[in-house]
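Engineer: Structure below; questions to follow.
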Amino acid sequence: MLRSILPLITILFFCSAVQAQQADSTLKKSPVKTLTDKQYTALLNGEDVYNNLALPAQINHFPMPDQAIKFKKELGLSPNQVTKITAIATELHRKRVEMGSFIIKNEQTLDELFRKQRLNNGDVIFYATRSGLYYGELRNAILQACLSTGDLMAPQQIKKLETLQNPN
């Protein structure tokens, strides 16, 4: 019995490893030790790495612009709303890419300073604080986009969007 199960387990393990490798084929290899390949790729592409930066806005009925655009027909967005919300989404993506590159560069600098042991307390304070500023600027951009999107939508459109996103 054990002899017949062992090859099956080996095959299942191999298949899952191949599948995981295929799923990650779009990821770029992170040259930064402190960022995973997934985080690195998301920062480069302007994707939300942290998934919770918009949370204060979203739980209080201020939607992400890309979600509003995704459901524009179901929400009955006017052409004017679509134009304005699309502009907000475009600017947010640009800002995410910009901040992503700054975050990556700052992480590379911190890694290099520690690796080469060429730093002092002032360097640590400067680059650690800079990290906080970049994440803060990214969060501000996301929250501002949510605020602007919410201001452009009628309360019934926001309610319908929330229903479409969470059908439970």
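The values are calculated or read from the model by the stated rules, or taken from the named source; none is laboratory data. Source: prediction; values computed, not measured. Cβ sites come from the backbone with ideal geometry, for glycine too, and all protein chains shown count toward neighbours.
Engineer: Checking the conditions here, which among 113, 75 is surrounded by 15 or more Cβ atoms within 10 Å (Cβ to Cβ), over 15 Å from residue 141 (Cα atoms) and in contact with an Asp or Glu (Cβ under 7 Å, 6 or more places away or on another chain)?
Structural biologist: Step by step, each of 113, 75 is checked, and only 113 is surrounded by 15 or more Cβ atoms within 10 Å (Cβ to Cβ), over 15 Å from residue 141 (Cα atoms) and in contact with an Asp or Glu (Cβ under 7 Å, 6 or more places away or on another chain).
Engineer: Could I ask something else about it? Kindly list the number of the only condition in (1) exposed (fewer than 13 other Cβ atoms within 10 Å of the Cβ); (2) under 22 Å from the mean Cα position of the chain (by Cα) that fails for residue 118.
Structural biologist: Going through (1) exposed (fewer than 13 other Cβ atoms within 10 Å of the Cβ); (2) under 22 Å from the mean Cα position of the chain (by Cα) one by one, residue 118 breaks only (2).
Engineer: Just checking, which of 58, 81 is over 30 Å from residue 34 (Cβ atoms), among the polar types (S, T, N, Q) and surrounded by 14 or more Cβ atoms within 10 Å (Cβ to Cβ)?
Structural biologist: Exactly one residue qualifies, and that residue is 81.
Engineer: Which residue is nearest to the chain's Cα centre (by Cα), if the candidates are limited to segment 130-168 and must be closer than 17 Å to residue 104 by Cβ and of a type in the set (Ser, Thr, Tyr)?
Structural biologist: The qualifying residue nearest to the chain's Cα centre (by Cα) is 135.
Engineer: Pull up segment 1-56, narrow it to residues that are among the charged types (D, E, K, R) and in contact with a Lys or Arg (Cβ under 9 Å, 6 or more places away or on another chain), then point me to the one that is modelled with the highest pLDDT.
Structural biologist: 37
Engineer: Could you tell me whether residue 130 is part of a loop (DSSP other than H, G, I, E, B), over 30 Å from residue 162 (Cβ atoms) and out of contact with any strand residue (DSSP E or B) (no Cβ under 7 Å at 6 or more places or on another chain)?
Structural biologist: Judged against the criteria, residue 130 is not a match.
Engineer: What's the number of the only condition in (1) within 18 Å of residue 138 (Cβ to Cβ); (2) in contact with a Ser or Thr (Cβ under 9 Å, 6 or more places away or on another chain); (3) modelled with pLDDT under 95 that residue 62 fails to meet?
Structural biologist: (3)
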